[in-house]
Amino acid sequence: MGLTVARGRSAPDEAGVIRSYYFKDKSLTHIAEQANLSRSWLCRRHVQAMGRLTRRIKGLAWRFFVMTDPVRMARLVHYGT
């Protein structure tokens, strides 16, 4: 569920790159040709998209980690960190 939530917030062009490359098994060259972009520009967009997705997943994992540990949750509420 977390991956779907995180992936769902990506910009449409980034989401399309992620979807095509990882779920539809398209090559970056093929995706670049379909989007009328150079392969190098598409690779940059892919790196940016993966960076955003990684940060979102880490954020979701941290929230889950804190919310499932009563001690950490108490510290968060008490100290705000």
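For segment 56-67, how many residues meet the condition of being among the β-branched types (Val, Ile, Thr) and either under 12 Å from the mean Cα position of the chain (by Cα) or at pLDDT 80 or above (or both)?
So the first thing to find is which residues in segment 56-67 are among the β-branched types (Val, Ile, Thr), and the list is 57, 66.
Pick out the ones that are also either under 12 Å from the mean Cα position of the chain (by Cα) or at pLDDT 80 or above (or both) and you get 57.
Counting residues in segment 56-67 that are among the β-branched types (Val, Ile, Thr) and either under 12 Å from the mean Cα position of the chain (by Cα) or at pLDDT 80 or above (or both) gives 1.
Among the residues of segment 17-55, count how many are among the acidic types (Asp, Glu) and at pLDDT 90 or above.
The initial filter retains those residues of segment 17-55 that are among the acidic types (Asp, Glu), namely 25, 33.
Within this subset, residues satisfying the condition of being at pLDDT 90 or above are 25.
So the answer is 1.
Collect the residues in segment 26-69 that are part of a helix (DSSP H, G or I) and either among the acidic types (Asp, Glu) or in contact (Cβ under 8 Å) with a residue 60 or more places away in the chain (or both), keeping them in residue-number order.
Applying the first criterion (part of a helix (DSSP H, G or I)) to segment 26-69 yields 28-35, 39-67.
Passing the criteria: Glu33, Phe64.
The values are calculated or read from the model by the stated rules, or taken from the named source; none is laboratory data. Keep in mind the model is a prediction, meaning the values are calculated, not measured. Cβ: placed from backbone, ideal geometry, glycine included. Neighbour counts: every protein chain shown.
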